Every structure is written in C-alpha cells, then in structure tokens.
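The values are calculated or read from the model by the stated rules, or taken from the named source; none is laboratory data. Keep in mind it's a predicted model, so treat the numbers as computed, not measured. Here the Cβ positions follow ideal geometry from the backbone for every residue, glycine too, while neighbour counts run over all protein chains shown.
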Amino acid sequence: MADDRPVVALVSKQRVVGANNGSSAYLLAIAQSLRSAGFQVELIQPSPAIAGRTPFIRLRPEMQVFSRHVIRGARRVGSMFLFTDLSILRDAALGITARLARRAGFSGEWTRDRPRPYAVATGWTHEDLAFCEREIPRDCKLVLADYMFCAPAFAFAPHGAGRGIVMHDLFHAREGKGKDSVALVTKTEEIEALAKADTVLAIQATEQTFVRDEVPETGALLVPMPADPVDEPQPGLSDQLLFIGSNTAPNVEGLADFLEGAWPLVLEGNPDARLKVAGSMAQAFIGKQFANVEFLGLVDDLDTLYREAAVVISPLTFGSGLKIKLIEGMAKGKAMVVSSVTLQGVEDVCGPGVVRADEAAEVARSILDLLQNEQSRFDLGRRALSIARSEFSAEAVHAELRTWVKSLI
C-alpha cells in the first residue's frame, strides 16, 4: 500500500546510528515528533565522510523512525551500511594498527591518532550536491538541514517546500577555538548560513534570541531536547560517579580538566570513589591511566549506569547549545554536579535542580558532600526530575515544531 503521508527530507552529514550521543539523540527526537505529526521522515546523507575510519556502521533500533535512509558511497545490508571508499578502508587499517601499537607500549609519530575530518563541517563536493539533487524527493514538503553546514541542500528543495535548519549550536560563539574542530565560523558566516532557511530550530533560548536579533527575516522556533523521565529519583550507590559523552573537544577537555584538578581531591576525601566514563570519548584517553576511573566506551543501555551512579558530572569548560546530557541526567532523577558552561542558556530553569561548581576544590567538595549523604542525593534528584517533567516533556517542547510543520501542508 502506498504511503501518502507528506515527506520531510532530512539532510545530514553527521554520523547518526542511534541516540548514542547528544546531537544524534536530539535529531532523532525531532524526527520522532515529525513522524508523530503525520510525516514520513527520510534521512539523506550525501557524504561518505560520516564513516570516519570505520568501513561499516550498524544502525540501532531507534533509526526505524526514518521511512528511508540513504548514504552516498554506502550499501545497506539489513541494519548495516557498508562503505566501499578505499580511503576509508585504508584509514581504518592505519587507525587500528596505531591503536594496537599504543596499547602494546610503542610510541612515536607513526602511532599518533589521526582522526578523519569532522564530517559535519566538511566542504561540499560536486558528488555531494549531485546526490542531494537525485535523492531529495520532488514532492517533499520540507527540506531540513542538520546543522547550518547542510544549507547547500536547499538548492534542491522543491518549489514551495519549507527550508529549515536544525541549529544545534551557536558556532561562532563557542569558546575553546583551536581545540574545538567545529568552531571554525565567524559571526557573519553563521548569519549568512542561517539566512538561507525559512525557519531555524533553536535548541535553547540563547540561540533563538540570536536568530531573532541577527537574522530577523528567518523564523526561530524554540525546540529543546525532550526528556524521558523515570518514575522516581535514583540516589544510586554511595561510591559511584558517572560521566557520559561523545568524542568531542568540549567533552574531552572538560573531563581532562576534571581528572587533573578535582578528581585527586575527591579521592583524597573518599578513596573508594569510582568514576565510570561512558561514550566514544574514551577513544581520546586510550593508553592513559587514572586512579579509580573506568572507561567503558560505547554502552548500548545506559539505564543501569544511571541507576547505580550516586552523582552524574558534567564539567564542561567551553561549548554552546543545550547540553543534552544535562537534560537526560535530570530526567533520570540524578544528583548532578555541573559547570556554569553546562548550564548556559538554561540557568534559570535547570539551576535549582543541580549543583553548580566550577573551581576544582568546589567541584570536589560538592561531589564529596553528595557521596556521603543519600538523602541529599534523593532530594536533588527529585527536584531535577520535577523540572524535567514540567519543562522538557515532548508534548511541551515540540508543540511549536509540530504546529509549524503542519502549516506547510
């Protein structure tokens, strides 16, 4: 039977395999809201660079939200995409060899990790553009660019179709330039890119205000990350800490600063404290050893980690956009110790539900206080959970989004 639901063409250059990192989880939440509003959502990925150094990707069940998913230079086999680009295969082999060498104790320039360029911000090729021209449906009602870097896809939007950008972040305002691989645009360049859209989906109020002030001819919808709250606060085990993050500069720098500054002070006050680190961020710490720290890598099910953690930390020192793991941790009913950077844009809403600390001694003291007091963890988790329910439910945060897309039909 033919599917006569209107189509949204979502064009993305990020590696999306499931809700296993913040930006992917946010994108999938938007796709789910569009589907709930009565649309088919097709994921069109014009760059093989999303493979990184892995010649295949395996899709998680949540990717079924997309009615169609195509990637240039890759062939789909069941729940996997296989890449045929020889440069990807070569770099995968070199990366594996270097990693094994570092683990075996070898050093030298040849063992240095050399990640492929961050796919989201890579330049557009003729092949990328031709792929979009071929794959964007001629009858779609909306072309939605994942990040402003995908705005060139608007050239192939059908006449009368909407043009939207999932903003994710305010790139020119990101601190830590030189460390952050994606903070490579000026304010003028960002305004020019956002101006190509009819409407921008802003993840927090700071970004929405920027678009309204600086790009007034482009509409700005506030579309935060929706929460999936648990039933009760989870005070966890008294010696467990948790940090979850993907392998991006803000996460890596934030954790490195924490491990150098606050963590030794935590262990001094509580030698039994344990920190578990989940997510691809672990790749940046291969070969490094820290007392009582366990790097888990990618974890399919985070529920157990959240349930057992006494304190969830987010010690970011730069970056912008809504920190999605902040909302997720609050929705899990957790006691959280976070930095001011983590709270940027949502201080008034989320501040009462977390402990804010920036200096190493203050961070360590806050963590130690919570580790030794289960009632404090329960009370803080209860406040966090209440905020997540009232301010970040899918019905509340995506109401404007659903109204807007329905207006395009």
Selection count where residues are modelled with pLDDT under 90 and either within 16 Å of Val143 (Cα to Cα) or not polar (S, T, N, Q) (or both), scope the stretch 1-47: 7
If you take the residues of the stretch 132-171 that are assigned to a loop (DSSP other than H, G, I, E, B) and acidic (Asp, Glu), which of them is nearest to Lys406 (Cα to Cα)? Asp139
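Listed here are the residues, each with its yes/no results for (1) farther than 21 Å from Ile324 by Cβ; (2) assigned by TED's automatic domain parsing to the domain that holds Trp124; (3) touching a residue at least 40 places away in the same chain (Cβ under 8 Å).
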| residue | (1), (2), (3) |
| --- | --- |
| Gln14 | no, yes, yes |
| Ser36 | no, yes, yes |
| Gln40 | yes, yes, no |
| Arg53 | yes, yes, yes |
| Arg68 | yes, yes, no |
Within the stretch 40-49, does at least one residue satisfy the condition of being in a loop (DSSP other than H, G, I, E, B), touching a helix residue (DSSP H, G or I) at 6+ places or on another chain (Cβ under 8 Å) and of a type in the set (S, T, N, Q)? yes
If you go through the stretch 280-322, how many residues are touching a residue at least 12 places away in the same chain (Cβ under 8 Å), within 30 Å of Phe171 (Cβ to Cβ) and part of a loop (DSSP other than H, G, I, E, B)? 12
Please state which of the following conditions Ile88 fails to meet, knowing it meets all the rest: (1) out of contact with any strand residue (DSSP E or B) (no Cβ under 6 Å at 6 or more places or on another chain); (2) at pLDDT 95 or above; (3) among the aliphatic types (A, V, I, L, M); (4) surrounded by 15 or more Cβ atoms within 10 Å (Cβ to Cβ). (2)
State yes or no: is Asn247 within 16 Å of the chain's Cα centre (by Cα), in contact (Cβ under 8 Å) with a residue 24 or more places away in the chain and in a loop (DSSP other than H, G, I, E, B)? yes
Pairing a residue in the stretch 359-387 that is crowded, with 18+ Cβ neighbours inside 10 Å and in a helix (DSSP H, G or I) with any residue that is modelled with pLDDT of 95 or more and hydroxyl-bearing (Ser, Thr, Tyr), where Cβ atoms lie under 6 Å and the two sit 6 or more apart in sequence or on different chains, gives Leu370/Ser376
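Yes/no matrix, rows are residues, columns are (1) at pLDDT below 95; (2) in contact with a helix residue (DSSP H, G or I) (Cβ under 6 Å, 6 or more places away or on another chain):
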position: Ala121; (1), (2): yes, yes
position: Ile136; (1), (2): no, yes
position: Phe154; (1), (2): no, no
position: Arg163; (1), (2): no, yes
position: Asp180; (1), (2): yes, yes
position: Lys187; (1), (2): yes, yes
position: Thr199; (1), (2): no, no
position: Asp213; (1), (2): no, no
Considering (1) out of contact with any Asp or Glu (no Cβ under 9 Å at 6 or more places or on another chain); (2) surrounded by fewer than 20 Cβ atoms within 10 Å (Cβ to Cβ); (3) in contact (Cβ under 8 Å) with a residue 40 or more places away in the chain, say which one Leu221 fails and leave the rest. (1)
One residue is enough: does the stretch 225-240 have a residue meeting the conditions aliphatic (A, V, I, L, M), assigned to a strand (DSSP E or B) and under 27 Å from Leu316 (Cα atoms)? no
